[in-house]
Amino acid sequence: MVKHCGGLPLAVVVLGGLLATKEALNELTLLTQLLGCPELHKLLIKGTIGKLPEHTHLSSSVTQLSLYRSELEEDPMATLEKLPNFNLLELVTDIFAGEEIVCSAKGFPQLKRLVLINLSNLQKWRMDKGAMPNLSTLTIFSCARLQRLPEGLKFVTNLQVLTIGNMPNEFTEKIRIVDGKEGEDFDRLPTHPFHHLLVK
């Protein structure tokens, strides 16, 4: 139990599967208290947590969050996009049991870097116009079932670096120019100059 958080030695708190028991999943007590801590800025969570607390329990001081193998039952974007000062989000390996994530308009207002790695269930990503307006770096790696980039990405005028690696040919061909012909999703890329890296 966390009675207070003023004595945390570091801004980064690591949970190595501490929330994997049914009791912890039902109550979310520890995670709720940690994410509500006004002194917390960076958090790395490894292991199953099942469910995130409601956004009203999350401290606006949190700026960076990394989730590994969380096995969340619901789309985490619906909660995390409401954090006003978020600038870094990393979602790595079996984060979400569902097939679609949704980023709504005005969501993630300060997010600058988003990393999606090895999300084996992810097939669709919807990004509404106005979502992630300050996103500058996007990395997508080993999301084998993701069908295409979100259409709303073309409205992200601050994007500077897009890195796509170890993705199926069906995905990458949609955003390539081959023999002067644009792929079917090429118009989903921002029109301003940016670094577009395709890594095999």
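Scanning region 80-99 for residues that are within 11 Å of the chain's Cα centre (by Cα) and not aromatic (Phe, Trp, Tyr) returns 80, 81, 87, 88, 89, 90, 91, 92, 95. Of the residues in region 158-171, at least one is more than 22 Å from residue 65 (Cβ to Cβ), surrounded by fewer than 15 Cβ atoms within 10 Å (Cβ to Cβ), without any contact (Cβ under 8 Å) to a residue 24 or more places away in the chain and of a type outside the set (Ser, Thr, Tyr).
Are any of the residues in region 30-47 among the basic types (Lys, Arg) and in a strand (DSSP E or B)? Yes: one or more hits.
Which is out of contact with any strand residue (DSSP E or B) (no Cβ under 9 Å at 6 or more places or on another chain) and among the basic types (Lys, Arg), of 124, 106? Result of the check over 124, 106: 106. Sub-8 Å Cβ pairs linking a first residue in region 71-91 that is under 12 Å from residue 103 (Cβ atoms) to a second residue that is in a strand (DSSP E or B) and hydroxyl-bearing (Ser, Thr, Tyr), at least 6 apart or interchain, are 89/66, ordered by first then second residue. The listed residues are 105, 97, 131, and the only one of them that is under 29 Å from residue 35 (Cα atoms) and at pLDDT below 95 turns out to be 97. Does region 44-53 contain any residue that is in contact (Cβ under 8 Å) with a residue 24 or more places away in the chain, surrounded by fewer than 16 Cβ atoms within 10 Å (Cβ to Cβ) and among the charged types (D, E, K, R)? Checking region 44-53: not a single residue is in contact (Cβ under 8 Å) with a residue 24 or more places away in the chain, surrounded by fewer than 16 Cβ atoms within 10 Å (Cβ to Cβ) and among the charged types (D, E, K, R). Considering region 172-200, and only residues there that are over 15 Å from residue 149 (Cα atoms) and touching a strand residue (DSSP E or B) at 6+ places or on another chain (Cβ under 8 Å), the residue that is surrounded by the most Cβ atoms within 10 Å (Cβ to Cβ) turns out to be 194.
The values are calculated or read from the model by the stated rules, or taken from the named source; none is laboratory data. No experiment lies behind these values; they were computed from the predicted model shown. Methodologically, a virtual Cβ is constructed for each residue, glycine included, from the backbone with ideal geometry; neighbour enumeration extends over all protein chains shown.
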